[in-house]
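Chemist: Structure provided below as structure tokens; questions to follow.
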Amino acid sequence: MLTRVNASILGGGADKRRLHRRVVHVGAILAWFTTALFLLIGFAVNSSEMYVHAIGPSVAAVLLTGQIVLRREHAGVALGGAAVITVVMNATVGNEDTLIPAAVALVVIPVIGMLFVNSNKTLSVIGAGLLVVAAAFTWGLPFYQALSLGLIMGISFVISSTLFIAIRSAAEALDERFKTLFEHSPTAMLEEDWSEAIAYVRSEFTGRPDRIEPFLMSYPAVVKRAVARARVIRVNRAALKLLEAENPDDVLGYRDPSLVSPATMDLFVGALVGLYEGKTFLEQETPAQTFKGSSIWLQTRYVDASNGVQATNILVGLADITHMKAHSEAMTELVKAKDEFVASVSHELRTPLTAVIGLTSELASMDGLSEAERVEMMHLVAGQAADMSHIVDDLLVAARAEIGTVGMDFGVVDLQAEIESSVDGLALPDVTLPEAAPSVIADPSRVRQILRNLLVNAGRYGGPQVEIRAGTTGDRAWLEVRDDGDGVPAEQVTHIFDPYSTAHAGGVTGSVGLGLSVARQLTELMDGSLTYHRDADESVFRLELPLAHSNSAVLASKKALV
């Protein structure tokens, strides 16, 4: 990629040092190769002239090798030394055969050097051009011949250098735009180099290409070692913010192999397989942790923008999809809960409906029933019908609450009478009742619905001992339904008032899961509250409603569709 090459030439830091090392290393290899070639030719043809010509490349090879040994590689020094050696060698042992190669070399070497000039470019070109022209006068040529050759070399150098500088300027502008877009992009982005990782995978796997994924999944250690060879070479501000990193150094560098875990194995294997197969685009989702330990979900999009060596320039876009994952999981749970709800409603309605059908059939077909038997069967039919009515009431409240059309008819409600009526109607003889309960401002039918749901819940899931307490606090009346059962599991406490939720997996089969939700919705519509807590070994559902008083204006204001 042009911006990567340009960044290496123009930028500082590791990229620029790496380019200096490459120039010196390549130059050393070429110098030693040229030296060996001259020596071999000289030995083969028994020519001392070839041995002399080997002096220049050998001096350059020693100079460059010295830089490598001292780890002080510098392309400017290497190129400058090569130019001086070229001038000196052609001035001392050169001839007509070496004149043109030396002239070409003396043009090419400074032109390459111009790529490393960062300031005073015009002066550098003029100065280097004059030196190139002057070099021709050191080669023992007649004045006009030296002048002609020098001018040709100088003009060639100026034209080539100007062209190189123009290309570099265009690359600088492109690189600057890229850096600006990358750094200030609102999208979190990383630039990564996976070339070493892919090279390692190729060294470990020599089978059929379509078997690479099973191979990597079977050998996590190979995946970890490959990931440890992947480098993050650039990161923008948005990525630092998303990953909660203090500074770029937290992110830059080789990846930590410990990031490869059972939860992320598919992600890294997918990335390695995609790059191994030469894909230029890859999109994945993965769980991750920020540098501050926050758990998030990331959507990663890889684009291989490499130029030349595969996977050297991978642009990775990151997007936080934690909220989308949470929403998706919530929707999945809701769909599951509603499916269970439909099955539960069907079960709960089928039981009393079957009883009603059976009992009415017997009443219609059996003429020999006594009056007492008929009355008893009619009471049973009425009881089963009442159960169905209660289920339908809860369903209607749940449906209407979602669109805000639950009807309320406020009045003064004798809470003690409603408690006794609800207990009798549900045939719960073992319930301990309060001696007295205050009157409240509420809808009497809704109060009965709330009490019925609380008592049914206690009967289904609570312990054998159920107690109702009542009292007042300030301008509020309270009522508590207590039982000595095991209570709601801790992980479910925050969900017991959710629609279609049942906190007890071992409860009565077919529970709709609306009772507590409906009870709370109705309570809040009557300016009250319904809460749950544990008190020692008892489960407590506490209902609070406004106390009744003689102000009729308050009651009148509450006549409304809530």
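Chemist: Report the Rg/Rh value for the chain, based on alpha-carbon coordinates and the Kirkwood definition of Rh.
Modeler: 1.34
Chemist: For M526, M388, what ranking results if the residue with the fewest other Cβ atoms within 10 Å of its Cβ goes first?
Modeler: Least to most surrounded, the residues fall as M388, M526.
Chemist: While we're on this one: In whole Å, what are the extents of region 2-184 along the principal axes defined by its C-alpha atoms, from largest to smallest?
Modeler: 65, 40, 22
Chemist: In whole Hz and in residue order, list the ³J(HN,Hα) couplings for region 329-339 that follow from phi through the Karplus curve 6.51 cos²θ - 1.76 cosθ + 1.60, θ = phi - 60°; x for Gly and Pro.
Modeler: Result, ordered by residue: 5, 5, 5, 4, 5, 5, 4, 4, 5, 6, 4 Hz.
Chemist: Just grab the label-to-label distance for R22 and T187, each label 7 Å out from Cα along the Cβ direction, in nm (one decimal).
Modeler: 2.7
Chemist: If you average the alpha carbon positions of region 227-295 and of region 180-215, how far apart do those two centres end up, in angstrom?
Modeler: Value for the Cα centre distance between the two parts: 10 Å.
Chemist: Then there is this: Give the relative contact order (percent, whole number) for the chain; include only Cα pairs under 8 Å separated by 6+ residues.
Modeler: 9
Chemist: Among DSSP bridges having both ends in the chain, what percentage is antiparallel? Round to the nearest 5.
Modeler: Around 95 percent antiparallel, to the nearest 5.
Chemist: Enumerate the whole-percent occupancy of each 10 Å bin, from 0 to the last occupied one, for all C-alpha pair distances of region 178-274.
Modeler: So the P(r) values, bin by bin, are 16, 41, 29, 13, 1.
Chemist: When you count, for each residue, the other Cβ atoms within 10 Å and take the mean per peptide, how do 433-443, 453-463 rank with the highest first?
Modeler: 453-463, 433-443
Chemist: Sticking with this one: For K292, which aspartates and glutamates qualify as cross-link partners when the Cα separation must be under 20 Å and same-chain residues fewer than eight apart are set aside?
Modeler: Correct list for K292: E244, E246, D249, D250, D256, D320.
Chemist: Would you calculate a helix-derived [θ] at 222 nm for the chain, using -39,500 (n - 2.57) for each DSSP H run of n ≥ 4 and dividing by the full residue count, to the nearest 500?
Modeler: Estimated from H runs of four or more residues: -19500 deg cm²/dmol.
Here, each number is a calculation from the coordinates, and none is a lab measurement. In this text the structure is predicted, and so the values were computed from the model without any measurement. A quick note on method: Cβ atoms are made from the backbone with ideal geometry, for glycine too, and the neighbour counts reach across all protein chains shown.
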